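Visitor: Take this structure, written in structure tokens, and hold onto it; I'll ask about it next.
We did not get these values from a lab; they are worked out from the coordinates using the rules stated. All of these numbers come straight from a predicted model, not from anything done at the bench. Note that we place each Cβ from the backbone using ideal geometry, even for glycine, and neighbour counts take in every protein chain shown.
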């Protein structure tokens, strides 16, 4: 498989984040190139989710900055990040439980719906055509994720693995340039993990979407990512291709423990 | 038969007014997952503003026409509700994003007392008449079917028409527009809503504005019927069983809940009252609500409560 890796789209520089006295991240720097699949791995509590939340604007790091497509930010908010074309999924599912699958994914189109309120309410003229266009887009995502049978089901009633797919679908509906995935395979069985890997690879392949994903399952990550950052206790201990990272003695120690 | 229909219609009309207040609860709950205790205070505040402005505007500007004065008062009172909505978001809600529902509930309790107080400080605490030109004299219908016909209050008929229009508009808004979808999304999960670019702050201002307008309409109709006074705030308590019955998340539920309770109150008072010594009207709604809480806690039309373990 050959694909074109572009320039640096997201550049994280010297990020430090602490909660009270607890240092979650210390001086982390790495970059993400366009069209690549970049993984952040590390044992539990290594600061992976904190890192993702800094990029996503949920947390504001005390030090450091993030450059996205040439613009540098020292603090962000989730909404502005979304407007710039970054979508995310959540480790502990954050779906709109009472709403149907299709409505959940439709919310991802919200930023792109332009018609006025009144026109939308009455479904007249351009508003009707616009709604139809977005519905079609959402139906394509539903087909892609193979959840056609559940489109009208309230999301809260779906099993966990399918909810994860809806979460991904909602993020995809935003047509993001960068997709942040927070442990997309957590809590899944082998078959579900394989499905999810396939979806991530297909999205990356077909739409050229840059993917930043967090996992603690090393096996999965090594198979699908182009480059890997390894965190441990909030510090970066490795960065490179899966093969390089696998050879890195610090990484081996962090995962397997040191022999004394 | 005629008497039964008359009682039923009277009940339905009162129920429509309960529905209007209940609608305010539902709106804010749908959009923020907050049970807004301040809805009653908002009704009182809006009605006070409307009544006093309708009286002050002719004094200030010398406008003679009653219609014009009322219209100006309505617009100004509406604007005032928008300002309040904006202030509530700016000063209270913005600081409570991602907090527990109970925290937000307590905040609305505080807002309720504040609005009760400030409304009476600004507008005075007497009983004010609110004359919006509603026809007071009743009419008789179906005279050919029943001897003497059925007595209907024209005021109630107009109120029902206004309420129906309001509900139709709100249903379209929630079901068909992207903002409506965003509102429902925000109610379910703040964090996720933000991550897909839904502007939480703007959504909250919008929904409190809409709730403010609904409160104004409710306050205006109730006020024109009963006069504007402090007891209006307690109308909200009558709307509580309505939302339990209809479901906290359902606009049609608020309407049907209101109608059921309005009609049930009157019918039970008239037909059961004599056997148990009367006074049923006062507690009927609450007992009905309790029964619903026992057997169908999400109400008639509320979103099904799903809990995965």
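Visitor: Can you pull the mean other chain C-beta count within 10 Å for peptide B:179-186? Mind showing how you got there, number by number?
Guide: Numbers: counts 5, 3, 10, 4, 0, 6, 11, 2.
Average neighbour count from other chains, rounded to a whole number: 5.
Visitor: Let me ask another. Can you sort A:202, A:232 so the residue with the fewest Cβ neighbours within 10 Å comes first?
Guide: On the way: A:202 13, A:232 19.
In increasing order of surrounding Cβ atoms, one gets A:202, A:232.
Visitor: Within the protein assembly as shown, what percent of beta bridges assigned by DSSP are antiparallel, to the nearest 5?
Guide: Working: 26 of 43 bridges.
Taking every DSSP beta bridge with both residues in the protein assembly as shown, the antiparallel ones total about 60 percent.
Visitor: Inside 10 Å of the C-beta atoms of A:107-120, what's the mean count of C-beta atoms belonging to other chains?
Guide: Numbers: counts 12, 4, 3, 10, 6, 2, 5, 1, 2, 1, 8, 4, 2, 8.
For this peptide, the per-residue mean of nearby foreign Cβ atoms is 5.
Visitor: Can you give me the distance in nm between label points at residue A:80 and residue B:293, each placed 7 Å from the Cα along the Cα-to-Cβ direction?
Guide: Label-label distance for residue A:80 and residue B:293, simple model: 4.5 nm.
Visitor: Report the label-to-label distance for residue B:169 and residue A:69 in nanometres (one decimal), using points 7 Å from each Cα along the Cα→Cβ vector.
Guide: About 3.8 nm, to one decimal.
Visitor: For a quick check, take a GNM of chain A with Cα springs below 10 Å and name the residue from A:118, A:17, A:201 with the largest mean-square fluctuation.
Guide: Highest fluctuation among the options: A:118.
Visitor: What distance in nm separates the two pseudo spin-label positions at residue B:139 and residue B:161, each 7 Å out from Cα along the beta-carbon direction?
Guide: 0.8 nm
Visitor: Given the peptides B:73-85, A:18-30, arrange them by the average over their residues of other C-beta atoms within 10 Å, most packed first.
Guide: Working: B:73-85: 18.6, A:18-30: 14.8.
Sorting B:73-85, A:18-30 by mean packing, highest first, produces B:73-85, A:18-30.
Visitor: Tell me, how many Å apart are the Cα centres for segment A:56-115 and for segment B:122-160?
Guide: Between the Cα centres of segment A:56-115 and segment B:122-160 lies a distance of 52 Å.
Visitor: Here's something else I'd like to know. Evaluate peptide A:94-103: per residue, the Cβ atoms of other protein chains within 10 Å of its Cβ; return the mean as an integer.
Guide: Numbers: counts 8, 4, 10, 7, 11, 6, 0, 0, 0, 3.
Counting Cβ atoms of other protein chains within 10 Å of each residue's Cβ and averaging gives 5.
Visitor: Still on this model: Compute a Gaussian network model of chain A, connecting alpha carbons closer than 10 Å, and tell me which residue from A:168, A:111, A:213 fluctuates the most.
Guide: Result for chain A, Cα springs under 10 Å: A:111 fluctuates most.
Visitor: Over the alpha-carbon set of chain A, work out the extent along each principal axis and list the three values in angstrom, largest first.
Guide: Each principal axis gives a Cα extent; for chain A these are 71, 40, 39 Å.
Visitor: Moving to a separate point now. GNM, chain B, Cα, under 10 Å: largest mean-square fluctuation among B:36, B:201, B:126?
Guide: Greatest mean-square fluctuation among the candidates belongs to B:126.
Visitor: OK, next. Which shape class applies to segment B:114-249: rounded if a/c is under 1.5, otherwise prolate when a/b exceeds b/c and oblate if not, where a ≥ b ≥ c are the square roots of the Cα gyration tensor eigenvalues?
Guide: On the way: a/c = 2.76, a/b = 1.54, b/c = 1.79.
Judged from the Cα gyration tensor, segment B:114-249 comes out oblate (a/c at least 1.5, b/c at or above a/b).
Visitor: Can you classify segment B:2-295 as rounded, prolate or oblate using the Cα gyration tensor, where a ≥ b ≥ c are the square roots of its eigenvalues, rounded means a/c under 1.5, and otherwise it's prolate if a/b beats b/c and oblate if not? Don't skip to the answer; put the middle values down first.
Guide: On the way: a/c = 1.82, a/b = 1.26, b/c = 1.45.
Since a/c reaches 1.5 but b/c is at least a/b, the shape of segment B:2-295 is classed as oblate.
Visitor: Between residue B:97 and residue B:129, what length comes free when the chain is fully extended (0.36 nm per residue of separation minus the Cα-Cα distance, one decimal in nm)? Walk me through the numbers before you get to the answer.
Guide: On the way: separation 32, 0.36 × 32 = 11.52 nm, distance 4.01 nm.
That pair, residue B:97 and residue B:129, stretches by 7.5 nm at full extension.
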